[in-house]
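Q: Below are the structure tokens for one structure; questions will follow.
The values are calculated or read from the model by the stated rules, or taken from the named source; none is laboratory data. Only a predicted model underlies this, so the values are computations on that prediction, with no experimental measurement involved. Because the Cβ atoms are built from the backbone with ideal geometry, glycine has one as well, and the counts that use them run over all protein chains shown. Note: accessible area is taken over every heavy atom of the protein model, side chains too, but ligands, DNA and RNA are not part of it. Shrake-Rupley method; radii C 1.70, N 1.55, O 1.52, S 1.80 Å.
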Amino acid sequence: MEDNEVHLLNAKPDVVHETAPPKSRWSRLQRALPLWVAFLVSCWWLAAIGVTLIMKQTVGSDAAIFPFPIMLTGLTNAFTGILAFQSGRVGLLALRSASMPPLKSAERIKLLAIGLMMGIEIAATNKSLEFLTVSERTMMNSTSVLFMLATAWFWGLEPFGMLRLLAIFLLILGALLQHFDHSPSSSNVPNRSPSMHMLGVVLQLVALTVSAQRWALVQVVTQRSLPGSALEQMSKSKLHMVARILPVTAFVCFILALVFESPSLPWIEVPKMAVTILLMSLGIATLTMAELELVRVTSAVAFQVLAVLHNVPLVLASVFLFGDRFGAGSAGGFILCSAGALVYARVRHIEASKLDRCSGAILAE
């Protein structure tokens, strides 16, 4: 009897020890998430800056060596898709499971839609660089959170609230200031007529609208796919998803290039672009995988907030490297858009804190 009592007393610590790990693992995950996000943001920002500046130098100046942005986009995305496919085959960032379930028709349609929208978005964005400066296009991109927030609300991904409305107000005011202030550098921007400049603005607005729809769909795919499905497993290995999306993107760009650029496209010059295509492909692969993972661990709107903040080093780089200029109105609008993005970040922080408290209470029980 005494031996049984001693055995029961010794077993109590084991029971406590068995219930502790879930809470401990949750705490470790919560502490590691900011570091993981910071790493992803660093990779994404550096790759995006590199790709944008290479694209600007290649297609967006009077001395452009290959002024065909849509074709260049198609070539780089096609090569990136091949790169991702081959990397997935040799096991780089491979899926944890031994095999992947076959894609269902609905899942194929989702990936196809993402690829199509990405092709339209990238082609419109890169084409706009013929008519806009990097800093001017970046200023317009500051309103991306507005487009994404409206889209997320429409899709039922984000609720509205007073702080969110304040963020929208700041974003709209900032966009208006940017619209009424245009001061490009005359020495580094092709001499364009007002109608050509307006075409660049329209192209960028199309890109922002399509981008918002695409990232909303990416959030649905990476966060709300059925457990055990092919899309759910692909969300763990971004290379597998990239390998299926970017070929569709490249196909869209090739079609658009044949429509808009083929009459003057010097095909003989394409092989000379091998190094440029390789560098851009590596950058696109890096930023695409980082973007997909950021949307998975945060949200599409939070991703757009980070996109606004990453415009700061991008504008500075364009000013120092290309001599782009912008007036006080554009600078003030950019600050207001950034303030709106930070207000949204505060909302997300409050919501995350509430979720942490609820999760902690559940684990404690």
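Q: Just checking, how many residues over the range 247-261 are closer than 19 Å to LEU203 by Cβ and open to solvent by 40 Å² or more (accessible area, probe 1.4 Å)?
A: Adding up the residues that qualify gives 6.
Q: Is it fair to say PHE169 is hydrophobic (A, V, I, L, M, F, W, C), more than 18 Å from the chain's Cα centre (by Cα), in a loop (DSSP other than H, G, I, E, B) and at pLDDT 80 or above? Please lay out each step first, then the result.
A: Details: hydrophobic (A, V, I, L, M, F, W, C): yes; more than 18 Å from the chain's Cα centre (by Cα): yes; in a loop (DSSP other than H, G, I, E, B): no; at pLDDT 80 or above: yes.
Here the answer is no, as PHE169 does not meet what is asked.
Q: Any residue in the range 234-251 that is in a loop (DSSP other than H, G, I, E, B) sitting within a Cβ distance under 8 Å of a residue that is among the hydrophobic types (A, V, I, L, M, F, W, C)? List the pairs, counting only those 6 or more apart or interchain.
A: Pairs found: SER235/VAL221; SER235/MET241; SER235/LEU292; LYS236/LEU95; SER237/LEU93; SER237/ALA94; SER237/LEU95.
Q: Could you count how many residues in the range 20-77 are at pLDDT below 75, farther than 28 Å from THR298 by Cα and surrounded by fewer than 20 Cβ atoms within 10 Å (Cβ to Cβ)?
A: The number of residues fulfilling the criteria is 5.
Q: Got at least one residue in the range 193-201 being crowded, with 21+ Cβ neighbours inside 10 Å, within 14 Å of the chain's Cα centre (by Cα) and either over 25 Å from ALA78 (Cβ atoms) or of a type in the set (Gly, Ala, Ser) (or both)? Outline the logic, then answer.
A: Restricting attention to the range 193-201, the residues satisfying the condition of being crowded, with 21+ Cβ neighbours inside 10 Å are 200.
Restricting the remaining residues to those that are within 14 Å of the chain's Cα centre (by Cα) gives none.
Looking through the range 193-201, none of the residues is crowded, with 21+ Cβ neighbours inside 10 Å, within 14 Å of the chain's Cα centre (by Cα) and either over 25 Å from ALA78 (Cβ atoms) or of a type in the set (Gly, Ala, Ser) (or both).
Q: Yes or no: the range 283-295 includes at least one residue that is part of a helix (DSSP H, G or I), at pLDDT 85 or above and open to solvent by 40 Å² or more (accessible area, probe 1.4 Å).
A: yes
Q: Kindly indicate whether ARG244 is within 30 Å of ALA150 (Cα to Cα) and open to solvent by 80 Å² or more (accessible area, probe 1.4 Å).
A: Values: within 30 Å of ALA150 (Cα to Cα): yes; open to solvent by 80 Å² or more (accessible area, probe 1.4 Å): yes.
Yes: the conditions hold for ARG244.
Q: Report, by residue number, each residue of the range 115-157 that is open to solvent by less than 10 Å² (accessible area, probe 1.4 Å) and among the aromatic types (Phe, Trp, Tyr).
A: Once the filter is applied, which keeps residues that are open to solvent by less than 10 Å² (accessible area, probe 1.4 Å) and among the aromatic types (Phe, Trp, Tyr), the range 115-157 yields nothing.
Q: Find all pairs meeting these conditions: Cβ atoms under 8 angstrom apart; at least six residues apart or on different chains; first residue within the range 287-298 and touching a residue at least 60 places away in the same chain (Cβ under 8 Å) and within 18 Å of ILE122 (Cα to Cα); second residue open to solvent by less than 10 Å² (accessible area, probe 1.4 Å) and hydroxyl-bearing (Ser, Thr, Tyr).
A: THR288/THR80; LEU292/SER235
Q: Just wondering, is there one or more residues in the range 266-282 that are under 13 Å from VAL242 (Cα atoms), assigned to a helix (DSSP H, G or I), touching a Leu at 6+ places or on another chain (Cβ under 9 Å) and open to solvent by 10 Å² or more (accessible area, probe 1.4 Å)? Don't jump to the end; show me each part of the working.
A: Here is the first cut: in the range 266-282, the ones under 13 Å from VAL242 (Cα atoms) are 281-282.
Next, from what is left, pick out any that are assigned to a helix (DSSP H, G or I): 281-282.
Remaining after also requiring touching a Leu at 6+ places or on another chain (Cβ under 9 Å): 281-282.
Next, only the ones that are open to solvent by 10 Å² or more (accessible area, probe 1.4 Å) stay: 282.
Looking for residues that are under 13 Å from VAL242 (Cα atoms), assigned to a helix (DSSP H, G or I), touching a Leu at 6+ places or on another chain (Cβ under 9 Å) and open to solvent by 10 Å² or more (accessible area, probe 1.4 Å), one finds at least one in the range 266-282, hence yes.
Q: With respect to PRO101, determine if the residue is surrounded by 11 or more Cβ atoms within 10 Å (Cβ to Cβ), within 27 Å of GLN233 (Cα to Cα), at pLDDT 75 or above and not aliphatic (A, V, I, L, M). Explain how you work it out, then say what you get.
A: Working: surrounded by 11 or more Cβ atoms within 10 Å (Cβ to Cβ): yes; within 27 Å of GLN233 (Cα to Cα): yes; at pLDDT 75 or above: yes; not aliphatic (A, V, I, L, M): yes.
Yes: the conditions hold for PRO101.
Q: If you take the residues in the range 225-241 that are open to solvent by 20 Å² or more (accessible area, probe 1.4 Å) and out of contact with any Asp or Glu (no Cβ under 9 Å at 6 or more places or on another chain), which one is modelled with the lowest pLDDT?
A: Result: LYS236.
Q: Report every pair of residues separated by at least 6 positions or lying on different chains whose Cβ atoms are under 7 Å apart, first residue within the range 68-82 and more than 16 Å from ALA243 (Cα to Cα) and without any contact (Cβ under 8 Å) to a residue 24 or more places away in the chain, second open to solvent by 10 Å² or more (accessible area, probe 1.4 Å) and part of a helix (DSSP H, G or I).
A: Nothing qualifies.
Q: Would you check if LEU157 is modelled with pLDDT of 80 or more and either of a type in the set (A, V, I, L, M, F, W, C) or outside any helix (DSSP H, G or I) (or both)? Write out each step before concluding.
A: On the way: modelled with pLDDT of 80 or more: yes; either of a type in the set (A, V, I, L, M, F, W, C) or outside any helix (DSSP H, G or I) (or both): yes.
In short, yes.
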